[in-house]
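What follows is a single structure, written as structure tokens, with notes after it.
The values are calculated or read from the model by the stated rules, or taken from the named source; none is laboratory data. If you're wondering where the values come from, they're calculated on a predicted model, not measured in any experiment. Quick reminder, even Gly has a Cβ in these numbers, built from the backbone with ideal geometry, and neighbours come from all protein chains shown. Note: accessible area is taken over every heavy atom of the protein model, side chains too, but ligands, DNA and RNA are not part of it. Shrake-Rupley method; radii C 1.70, N 1.55, O 1.52, S 1.80 Å.
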Amino acid sequence: MNTFFHSRNAVYLLVLLSGMAALSWEVIWQVKATLALGISAWGTALILATTMGGMCAGALIAGHVLADKSLRRPIRLYGIIEIGIGIAGLCLTPLFQFIEKLDTYAYSEIPEAATLVHIAGIVIALCIPTLCMGATLPVFGLVARQFRTSIAVLYGLNTLGAAIGALCAAFILIPSLGLTHAAWLIASLNITAGLATFLFKIPEQEDIRNQDLHKIESADEFSLIKICAIIFATGFSTFLLEVAWFRSLTAAFRSTTSAFAIMLSAVLIGLGLGARLVPLLKKLNLPLGAVLAVSGILILLATPLVERFDMFTPTMVESPFLLEARWFVHTLTVVGIPMLLLGVALPWLLDSQQSTGRWGRFYALNALASIAGALSSAWIFLPLIGFARTAWIGGIIVLAAGLISAPRNQYRRLAAAGLVALIIAAVFESGVGRTRALGWLVLIYNDKLAPLHDENNPLKVLKSYEGPNATITAVQYTGNKSALIIDGFVAAYERPEQNRASVHYMPWMGHLPMLAHPDPRNALVICFGTGQTANAVRNENPERLDIVDVNPQVLKLAHYFADNQNVLADPRVHTTIMDGHAYIRRTNKIYDVITLEPMPPTFAGVNALYSQDFYRTARSKMSADGMIAQWLPFHLVNPYYSRAIAKTFQSIFPNSILWLDPVSETGILLGSKNPDIDLAGLWPGYARPGKGRDLTREQTQKAVMLKSQELEKYSRSGRIITDDNQLLAYGDAALQFYSLENDQEKNIKDLLTFAPSFTLPVNPPSSPSP
């Protein structure tokens, strides 16, 4: 044991474990922050800026404090920092609960100061752990010196640990333990690693001094200005490319948390391996400039492939695990290799220094560049020129950084190769957003997949937006109908004449709760889509209709969808750009009807709109006879998760029913705050004038598949979905989304065991009245 704690292997293991914990923390911070403050591009940017800014400040402070100091036990200082991160993690849950309450108060009482409260809350929550994480970098240098290794090696192992942490958090910790217990486990890992450093046997002092002679390169390899330029360029480009490439990969893999973890880990593995290879590259006398120039060239050549991931990457297979393994290999092959070479720069230059002050300043500069790269990519370049051309900018910047530092005898060849790579990238650009739309472009007809386009019916891109929120595209397909594509998924579409059944449930998400309420005056629709649900609510004549959507571009595209009958122009309709989960918590309004049809339940962030926490808050914002309708997409989740959704809904709305759309066979959960209302039989709205109803009162009543008691029996074996357990977002639920199994058929068969007298409809309804 004593021998182990005297070895470099122990240091390597410690650094690897701390990297795993660091990325696991970042995953949990992101989820916790979106729950406390809502999903938004602004919120994501704030998390990034706070995290990287805190690490920047930590590196600067530690580098300054440790400058010219002789530490006999830097490994123990590293351990104390790890313990600090762990203790901060134990405070994570109560801190974010406080931030959520503060956010609610601010939006209600001092809305003009809500943004400042938003910023202050995130900074308070993350300042200590991020400062500590940044402070570890200068300490890495001292530990490397003491244990006769390279700071580049430690940096690389820490990054590789981060890649493992991203996968562990998404596939193991959160699905198995939930957010709170996962945070406790990660905190215990930090604290245990910190305490373990006190077992390390410290080398003799003269051995430490002798390490000054153990240098792989001289600090004079480049001028200080050139070093700073390389560090800024590579940090800026790394995060710019992450944002740009991830936009395309998200469309190819769809927006599940597991897909994000796969993409992130592939990038981190490339960066980590690049850092780990620095000593070898230096021994081979390979110039850093040439390595960076080749990285820029590969970035340009990789982008046309990244653009086409949706064309050659499978999205539905018999084995979801095999599918995600393929995604990982594809991403690591195409993206990981240029990232590997790009990841050489910072650790290479850190390794050439012997000053803690410079280690801290160089790392801080890289962190600031990373913030600038991510924000400019999301907020400037993507909206202006799209992700592919944004990636070109990243490649050109890296190429330029390589050329300014490359040997003169290699300059012309590298510059010529870079120009050829740029021409290839431009020639083979796929026209995303102009001539084609990214993604898995299929419709689901009677639980069967049908392409949105083919050779005889090509898609026409009507309008496309790329930006910090998402990539959102309106396209025209067969029969001059329009479809809405969000991050590569056909989120909503108009009714195709040859098969109107597939979207029949959309207007009935609006009609049903309005018809069940005795006198609905104020209504709320969360998630606009193509506007068919909102229009159905409007056609039931409320006094006011509020529409909430997290993506402003969705509302900008509304005029392309004739089926919504220009609902947004109605003076009774008011729109808010906000995450629905956050809106429900922040608003003081009381609604008679709330209806929501979000993205698929397993997509990143959507768990929050199916959780018990959300329903509890929604109930508090409903009138005495208030109604709420929730989409239950049987074609997208298997029976286990369908039962979980039903059980969670009924845990807050005991007076609830499951209504089966008689045309599309899609489920709608309908709940009432009033326990005495007969949801299964009255439908008082039919006595009021309305438009667009294609079901009679009798047909509507017959479509009630499970009444309250039957629904309780059906959902008894389900598991409650909470904000903490993230049941739909992590684990098997996301994997099942990619399965070829017929979930709708399995769900209907399962439901019929609890409703033996229910008869599935045979004839479709008549066309809706104008």
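Couple of notes before you dig in:
- Flag for L332 being in contact with a Pro (Cβ under 8 Å, 6 or more places away or on another chain), open to solvent by 10 Å² or more (accessible area, probe 1.4 Å) and at pLDDT 85 or above: no
- Residue within segment 537-553 that is more than 22 Å from L670 (Cβ to Cβ) and assigned to a loop (DSSP other than H, G, I, E, B) present: yes
- Within segment 659-674, the presence of a residue that is surrounded by fewer than 19 Cβ atoms within 10 Å (Cβ to Cβ) and touching a Phe, Trp or Tyr at 6+ places or on another chain (Cβ under 9 Å) is excluded.
- Scanning segment 679-693 for residues that are open to solvent by 30 Å² or more (accessible area, probe 1.4 Å) and either within 40 Å of the chain's Cα centre (by Cα) or small (G, A, S) (or both) yields A687, G690, K691, R693.
- Within segment 333-345, the presence of a residue that is closer than 22 Å to A401 by Cα, hydroxyl-bearing (S, T, Y) and under 31 Å from the mean Cα position of the chain (by Cα) is excluded.
- Cross-chain or 6+ apart pairs with Cβ under 6 Å, segment 520-535 first and over 13 Å from L568 (Cβ atoms), then among the hydroxyl-bearing types (S, T, Y) and open to solvent by less than 10 Å² (accessible area, probe 1.4 Å): N522/Y591; L524/Y591
- A single member of L419, L399 is in a helix (DSSP H, G or I), of a type in the set (A, V, I, L, M, F, W, C), at pLDDT 95 or above and buried (at least 24 other Cβ atoms within 10 Å of the Cβ), and it is L399.
- Residue satisfying all of: in segment 226-263; of a type in the set (G, A, S) and more than 18 Å from A162 (Cα to Cα); modelled with the lowest pLDDT among these: S255
- Top-ranked residue of segment 554-576 - restricted to ones that are open to solvent by 20 Å² or more (accessible area, probe 1.4 Å) and out of contact with any Lys or Arg (no Cβ under 9 Å at 6 or more places or on another chain), ranked as farthest from P598 (Cα to Cα): P571
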